[in-house]
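Presented below is the structure to which this report refers.
The values are calculated or read from the model by the stated rules, or taken from the named source; none is laboratory data. Just so you know, these numbers come straight off a predicted model, no measurement behind them. Reconstructed Cβ throughout: ideal geometry from the backbone, glycine too, with neighbour counts over all protein chains shown. Note: areas computed on protein heavy atoms with side chains; ligands, DNA, RNA excluded. Shrake-Rupley method; radii C 1.70, N 1.55, O 1.52, S 1.80 Å.
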Amino acid sequence: MGILYTTDSFMQQEEEEDVKIKKKKIITDDNIAPRLGVTTTSLSEEQVVQQHEMNNEATENELMKQQKATTINNKKQRRQKTMNEIMLKRIKEATDEDRIEKIKYIAETYKADTNTLELLTKIINSRNYTNSGDKQLHDLNYTLLYRKYRKLIDGNYFNNIPHRLKMKALVFTFDYKLIDYFKRVYTQLDLNETIHCLFLPTIKYRNISKEIAEFLLSNKRYRKVGLKENLILDSLLSFYSVTGNAEAFCELINEKKLRMSLFRFVMLADVLVKAERYEEAVEMFEQGYLEHLLLLPESELKENWNVISKTIAKVLKACILMGNEEKANEIFKLTNSQFKEQNYGNTIFKDLSKPLYSIKKHLQPNISIFKFMVRFYLENGKPNVAIKIFNSYFDELKYIINNNLRRAPLISQVKEFHTLINILLKYLIKGGEYKRVDSIVESITNTNSELNRNYRNLFSNIYGVESESNLKLDANTFALILKRYAIEGDFKSIEKYLKRAHQFVRGGPTIAMVNTAYEQLTKRGYFNETQKLLNLCKSEYGQTATKYNVYLIIKGYALAGKPDMCVQLLQQFRKMGCGPLIGMYNVIIGCYLDAHDYEKAIHYFHEVTKNRIFRMLINSYTINHFVHYFKVAPIENLDKFKEVLDSYLNKSEEESNNKKNFVYPIYVEFLTKLLNECRDIRNGKTEGLTVDVAFRCIIDELRQRLYPIKSNIAQLIYAKRGKESVDDNNIEFIKEEDMSLEKESLEEED
């Protein structure tokens, strides 16, 4: 890797540079007096001293004014932040009517945006609006702000607005105009604005920060804005770390001969893991990082517990991805409070300048370390070890509180404990460890359980007030709980935990949460339980069946080999005035073909081609069912299939001109070609491939072969509308739409 990890290298060079900068900033009596219009030669020694004291007082007064202005500004920002938090809290806790009023207020704020009213109306009228929390309101506010600033940037009066509003709009939208604008006005920006531009918070647009950093480095422009070179270099390193460019990261360190800092070490660990250079990440930790920590002063170590724990977590992840269980355990033990002084002599980290135990209290774990270890042992079939590590989480918290280590990362992450629970539940359910799952579920959802009592006690000790809060669980936790009981069709348990969800999840059960139960129930043929769940959600929570719910139930009937029930449910859904999904028809067509009832399959395929929406949504999943039928059907049935397929051509011709189905003949031609190809394969014309591989090739090429067909249909549609042709953008849209719909068609190749 070639990176030098010593902490003393190049310090003298950097110190000399700092001294030069400081010398330029020194103000002497000789250069103060002329600026005040007074010559030092005309003053006595006593007057010079008095004048110097006056200048110092003036400077101090100016500094006090600046500090006061900064304090006032900070108070305003804090007050605004507090008001925003209060408003969000009020919105979250208010009744539906109050929340709608707040949304109307937001709409009034952004009334210049013509799309706002439509967007807000859809959200307010959505069935799951009452179950939306801060996230939907936050996303809405972000969307509206983005549109507002986007419109401002693209408007004709952008150049006339104040500088601060320009910067706010450009930074908020991550607009590339920010680069040119920054180059023009960088000397007028305050430090916070400049630093924010150097560390934009998105991966996609981080190259804006890179160009700004390179601009400031050239000709040492950073000095004009009062920044040090190291900060600009950290911005570049951060860009390489975020984008996973390990080569460029290491090259910059070696080229500039940079001294490694805690921040640079965590970025280096991150970029090496992203680049899958796991061995180098572990080598860096053993040979450079631990030694670096041993040489740092106590005060600096204490202030950087979060950064240190992040570095340890990333190196631990590298060990796990390498499959090196021994080193992963050794690194985990370094952060464990039960790892005593005498144990450090047995670690693999021995060739160090000082005993490693001397910095033990600075090697704090964070929740990511526990997640990595729990997931590692669960994936490797060692649930007992995983649960032991899971239980040690509370031991660590107790140790931290008893020793008054308030700055420990686990303290700030105490409300994220449910993410560790989710990992444990997910893998135990996947492994069929239902008894263990039941035990965990009861302990986390029962407010009087030992686990919840311990949590409340710890919470009270951390924040110094009595707490009635239970474990913070999210919708994902309850989705996993419902999944566990839906697997066995245990409706009573599903009902029980849906009611308990109100105690933990604001607004109670969400539609996404319940969908997990629908999926498992229908997949395993528990149709009576599915109907009970539909009735319960409608009566208790006001949740009517969504398209996705109905799709899951239709798919469940299809897996049970009941195509007529699929059709019956689809018809009931349509009578309710709800539009179906193309995935529902795909499932029905596939179910009839699996039952060798090709007549009904062709009937519903014809129905799809008649629909002005679905005719453009036919995708590879739709055609895939036909290819599978061509592979397994008796040879004599293929001729009958072709006859029925052609018979619907006459029906298309008989339809009135206004409603003539011009799409069906195009797909008949395509299916006929596929039928002939499949016949040839079954007759041995496979060009050296096995039958299975030859059919696999046909299926893999379906998407590509469908694209020109859909382009042709689009041309016909545009011709009927009086347009000559479809431009490239329209065809590209059709292609993208096809791909997105195939991803969202809610089908899997079982």
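Taking the Cα centre of segment 265-403 as origin, work out the dipole magnitude from +1 charges on Lys and Arg Cβ and -1 charges on Asp and Glu Cβ, in debye rounded to 20. Show your work: numbers first, answer last.
Values: 18 positive and 18 negative charges, 98 e Å.
With only Lys, Arg, Asp and Glu charged at Cβ, the dipole is about 460 debye.
The reciprocal of the average 1/r between distinct C-alpha atoms defines the Kirkwood hydrodynamic radius, which for segment 575-640 equals 12.4 Å.
Can you send over the carbon and sulfur percentage of the accessible area for segment 376-493, probe radius 1.4 Å, protein chains only?
Values: 2460 of 5610 Å².
Carbon and sulfur: 44 percent of the exposed surface of segment 376-493.
Determine the distance separating the Cα centre of segment 346-417 from the Cα centre of segment 240-319; give it in Å without decimals. One Cα centre to the other: 19 Å. Surface calculation, 1.4 Å probe, protein heavy atoms: V627 sits at approximately 0 Å² accessible.
Taking 0.36 nm per residue of sequence separation and removing the Cα-Cα distance, the A595/N528 pair yields an extension gain of 21.8 nm.
Computed about its Cα centre, the charge dipole of segment 393-438 is approximately 80 debye, with only Lys, Arg, Asp and Glu carrying charge at their Cβ. Note that segment 429-436 has calculated 3J(HN,Hα) couplings of 5, 4, x, x, 7, 5, 5, 5 Hz, one per residue in order, obtained from phi through the Karplus relation 6.51 cos²θ - 1.76 cosθ + 1.60 (θ = phi - 60°); glycine and proline are x. Taking the Cα centre of segment 433-556 as the origin and placing charges on Cβ (Lys, Arg +1; Asp, Glu -1), which of Y526, Y551, N452 is farthest toward the positive end of the dipole? About the Cα centre, the residue reaching furthest to the positive side is Y551. Per-atom-type breakdown for segment 530-587 gives carbon and sulfur 51% of the accessible area (1.4 Å probe, protein chains only).
Ligands, DNA and RNA are left out, and with a 1.4 angstrom probe the accessible area of segment 375-529 is 47 Å² per residue.
Over the heavy atoms of V315, what accessible area does a 1.4 Å probe trace out, to the nearest 10 Å²? Around 0 Å² of this residue is reachable by solvent.
In terms of accessible area, using a 1.4 Å probe and ignoring ligands and nucleic acids, V185, V385 rank largest first as V385, V185.
Suppose every K and R has +1 on its Cβ and every D and E has -1 on its Cβ; what is the size of the dipole of segment 352-462 about the Cα centre, in Debye to the nearest 20? Working shown, then result.
Working: 17 positive and 8 negative charges, 78 e Å.
With Lys and Arg at +1 and Asp and Glu at -1, about 380 debye.
Report the equivalent ellipsoid semi-axes for segment 452-573 in whole Å, largest first, defined as the square roots of five times the eigenvalues of the gyration tensor built from alpha carbon atoms.
The answer is 36, 13, 10 Å, longest axis first.
Working value for segment 387-467: equivalent-ellipsoid semi-axes of 25, 14, 10 Å, each the square root of 5 times a Cα gyration tensor eigenvalue, largest first.
Within the assembled protein chains, the solvent-accessible surface assigned to D175 is about 20 Å², based on a 1.4 Å probe.
Of S711, S539, which has the most accessible area with a 1.4 Å probe, and how do the rest follow in descending order?
Working: S711 15, S539 90 Å².
Largest accessible area first, the residues go S539, S711.
Projected label points at K224 and E643, each 7 Å from Cα along the beta carbon direction, are separated by 8.6 nanometres. Would you work out what percent of the accessible area of segment 201-260, with all protein chains in place, is carbon or sulfur (probe 1.4 Å)? About 45 percent, which is the carbon plus sulfur part of the accessible surface. The P(r) of segment 538-600 has a tail past 18 Å containing 35 percent of all C-alpha pairs. Using 7 Å Cα-to-Cβ label points, what is the N245/H362 separation (nm, one decimal)? Distance between label points: 3.2 nm. A 1.4 Å probe run over segment 546-654, with the rest of the protein chains in place, finds 43 Å² accessible per residue.
Label-to-label distance for N380 and E701 is 4.6 nm, based on points extended 7 Å past Cα in the beta-carbon direction.
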